[in-house]
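These notes concern the structure reproduced below.
Derivation of every value follows stated rules applied to the coordinates shown; laboratory data play no part. Since the model is a prediction, treat every value here as computed from it, not as a measurement. Cβ sites come from the backbone with ideal geometry, for glycine too, and all protein chains shown count toward neighbours.
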Amino acid sequence: MRKTLQQMDQDPGGEARFRLSPGGIVLALAALRCAVALALGFRPFDDTFITFRYALNLARGYGFVYNAGERVLGTTTPLWALLLAGFRSLGASIPAVAFWVPLIADAVSALLILRLLSRLGFPRRVALGAAVLFLALFDDLSIARSGMETSLFVLLVLAALAATAEGRLAFAGLFTGLAVLTRPEGLVLLPVVLAAGLFRCRRPAGRRDALLGALILGVTLGAWVLFATLYFGSAVPQSIVAKASHVARDPSLAGFSRMNLILFLTVGQFGGGIFERTWLQLNVLLTLLAALATLWLAAAAARERTEAAFLRFALPALFPLGYTAGLAAGHAFTWFPWYYGPIYPFLAILATIGLEGLAGGLRPWLGERARWLVPAGLALLVTAQIATAVRMKLPRGHDFVVTGYRRIAASIPRLPGTRVAALEIGAIGWQVWPLPVTDLLGLVSPESVGRLPEETLRSVSPQYFCLRTDDAGPLLASVARQGWFAASYEKTLSVPDPWGQREFVVYRRREASP
């Protein structure tokens with residue numbers, strides 16, 4: 001029987017020695033990573049709670065909605081919402097499930113990296129090194145601890161690529177469809193899987209498998225599009241419509257997005273605190289090695305013109321290239337840290353392949369010493385991630401956004417007929433559930449799209465209005481020049497942020513005063 005976690009070898013002297021298999025090493029490191037995550041705890045983003053509220057409403061029988069009775073597709077991750085709702089209907093806590101499932105998904109993703117690269121014919125040191133480097137990326141761990149769908153999306157993408165590498169196109173079609181239902185960016189997988197399927201279609205057995213995969217993919221996506229169209233009126237998430245409207249109204253967001261992408265590829269993840277940017281984590285080295293690997297694999301595919309060479313290039317490189325290009329074109333690299341998450345496993349994969357290619361190129365000059373370049377390079381990259389987390393990110397990892405919003409929202413009575421408005425509706429909507437919430441930016445409120453937030457606020461006239469002073473600066477400056485806001489609303493609670501120069505404030509409509 002094959003031993004999964006360890007293998008027993010027999011040396012010439014007859015002594016047994018135990019050697020961990022690559023899969024065992026990955027599982028051991030994944031378990032250590034889970035222990036670190038448990039010690040650090042749950043760290044949700046505000047947007048995390050938007051999907052939580054969809055899941056809670058579905059589990060409690062209010063429908064697949066953010067506000068009861070308002071059928072608006074305001075989440076871009078219906079599969080994640082359905083999964084959370086399923087666990088909640090069984091009695092599980094949504095935040096607890098959203099904490100543990102991504103950590104488990106990342107462990108499986110590391111195993112899939114190992115499997116994908118091994119199947120593509122890369123040396124074991126490359127396959128194992130890429131999986132280890134992925135598990136060591138601290139920013140990816142921070143996103144996994146956020147309760148977002150990113151880790152599930154990454155798992156499904158890697159599963160689709162691994163199935164494609166193994167010629168199991170029926171499974172590739174299934175995983176691709178599920179990836180699209182987890183994030184719309186899963187559509188980037190379609191040309192990758194299709195291109196691989198064209199090679200398989202040259203053989204009768206492969207042709208049948210490819211057709212079955214296409215059928216499964218079509219049924220999966222077609223069923224969702226049909227349901228979403230009938231239930232919501234459109235399969236396009238309202239959040240995409242709202243964000244596109246913001247970009248159109250504020251051209252500076254395009255430059256902001258480009259700047260963030262460049263900074264990500266050089267000095268790291270967007271955001272302060274736990275996402276503090278620094279040269280110490282060697283993102284620029286990751287990017288350079290990944291670029292080297294992409295060029296090396298593309299050149300080999302063009303030179304050899306074989307199915308194996310094409311797959312060795314296409315499966316590790318095309319998805320991250322398409323994903324990054326698509327989000328850059330949509331100016332999505334703004335205030336949403338989780339958008340960077342799907343890039344991390346492929347940076348780890350390509351950087352490790354880049355080290356292997358570099359070692360091969362230097363072998364004529366270094367001889368056998370070149371073989372140490374891969375483990376030495378990986379040790380440097382892993383050490384940089386750990387050092388960055390310990391020295392910089394964790395000491396600065398203060399974030400009061402979710403806490404501040406929940407504190408002010410806790411003061412709002414859950415009385416029938418009460419409506420709340422906010423610029424950010426995640427933690428507030430979760431805290432005041434089941435009260436209806438108007439999103440002044442339009443992610444779940446179509447009436448807000450194409451209008452200034454103060455215009456929607458005045459027309460809806462909610463009983464309560466929540467904000468943080470830095471985010472709502474332009475709105476507060478605008479309403480300060482208008483008499484209606486001061487006449488209609490009074491401040492009832494203000495909570496200062498202990499880590500920043502801002503406050504979390506709740507206003508009550510004067511007519512609602514007792």
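What is the chain's relative contact order, in percent, from Cα pairs under 8 angstrom and six or more apart in sequence? Walk me through the intermediate numbers first.
Working: 814 pairs, mean separation 76.9, N = 514.
The value is 15 percent.
In the chain, a dipole from Cβ-located charges (positive for Lys and Arg, negative for Asp and Glu) runs towards its positive end, and of TYR405, ALA379, TYR323 it is ALA379 whose Cα lies farthest in that direction. A Förster distance of 45 Å, applied to the separation of the beta-carbon atoms of ALA329 and ALA487, puts the FRET efficiency at 0.50. The angle between the Cα long axis of helix 124-136 and the main principal axis of the chain comes to about 20°, on a 0 to 90 degree scale.
Please rank PHE346, PHE42, fewest neighbouring Cβ atoms within 10 Å first, as an exposure proxy. Display every interim value, and only then the final one.
Numbers: PHE346 27, PHE42 16.
Lowest count first: PHE42, PHE346.
Going by the alpha-carbon gyration tensor, a ≥ b ≥ c the square roots of its eigenvalues, is region 203-283 rounded (a/c under 1.5) or, if a/c is not under 1.5, prolate (a/b greater than b/c) versus oblate? Since a/c reaches 1.5 but b/c is at least a/b, the shape of region 203-283 is classed as oblate.
Residues in region 326-341 carry Karplus couplings, in order, of x, 6, 5, 5, x, 6, 8, 7, 10, 9, 10, x, 5, 5, 7, x Hz; the curve used is 6.51 cos²θ - 1.76 cosθ + 1.60 with θ = phi - 60°, and Gly or Pro positions show x.
Calculate the FRET efficiency for THR469 and SER245 from the Cβ-Cβ distance with a Förster distance of 25 Å, rounded to the nearest 0.05. Before the final figure, lay out the partial values.
On the way: r = 24 Å, r/R0 = 0.96.
Once rounded, the FRET efficiency stands at 0.55.
Computed per residue of the chain from DSSP H runs no shorter than four, each worth -39500 (n - 2.57), the mean residue ellipticity at 222 nm is -19500 deg cm²/dmol.
When each of the peptides 58-69, 358-369 is scored by how many other beta carbons lie within 10 Å of its residues on average, the order from highest to lowest is 58-69, 358-369. Computed about the Cα centre, the dipole magnitude for the chain is approximately 740 debye when only Lys and Arg (+1) and Asp and Glu (-1) carry charge, each at its Cβ. Amide H to amide H, with H built 1.01 Å from N, THR438 comes under 5 Å of VAL420, ALA421, ALA422, counting only residues 5 or more places away or on other chains. Remark: CYS34, CYS466 ranked as CYS34, CYS466, counting other beta-carbon atoms within 10 Å and listing the fewest first. Note on the chain: dipole from Cβ charges, positive end direction compared against LEU29, LEU128, LEU415; the farthest Cα belongs to LEU128. Set against the labelled values (1) 175; (2) 190; (3) 161, volume of the Cα convex hull per residue in Å³ computed from this structure falls on (1).
Helix 252-267 and the longest principal axis of the Cα set of the chain meet at an angle near 40°.
Note the full-extension length gain between HIS398 and ARG124 as 0.36 nm times their separation in residues minus their Cα-Cα distance, in nm to one decimal.
Numbers: separation 274, 0.36 × 274 = 98.64 nm, distance 3.95 nm.
Result for the pair: 94.7 nm of gain on full extension.
Helix 238-249 axis versus longest C-alpha principal axis of the chain: approximately 80°, rounded to the nearest ten. Spatial offset of region 402-418 relative to region 86-141 amounts to 36 Å, using the alpha carbon center of each. Peptides 441-451, 150-160 ordered by packing proxy, namely the average of other Cβ atoms within 10 Å per residue, highest first: 150-160, 441-451.
With the charge dipole of region 401-512 set up from +1 on Lys and Arg Cβ and -1 on Asp and Glu Cβ about the Cα centre, the Cα lying farthest toward the positive end among the listed residues PRO436, THR469, GLN482 is that of PRO436.
Given Cβ point charges of +1 (Lys, Arg) and -1 (Asp, Glu) and nothing else, what value in debye, to the nearest 20, does the dipole of region 85-229 about its Cα centre take? Please list the in-between numbers first.
Values: 13 positive and 7 negative charges, 131 e Å.
For this selection, approximately 620 debye.
What share of the DSSP beta bridges in the chain is antiparallel, in percent to the nearest 5?
Numbers: 18 of 24 bridges.
Bridges in the chain that DSSP calls antiparallel: roughly 75 percent.
Along region 306-322 the Karplus relation, 6.51 cos²θ - 1.76 cosθ + 1.60 evaluated at θ = phi - 60°, assigns HN-Hα couplings of 10, 4, 4, 5, 5, 5, 5, 8, 5, 6, x, 10, 5, 5, x, 5, x Hz to successive residues, with x for each Gly and Pro. Paramagnetic label reach from ALA68 (point 7 Å along Cα→Cβ; backbone nitrogen cut-off under 19 Å): within region 412-442, residues 412-421, 428-439.
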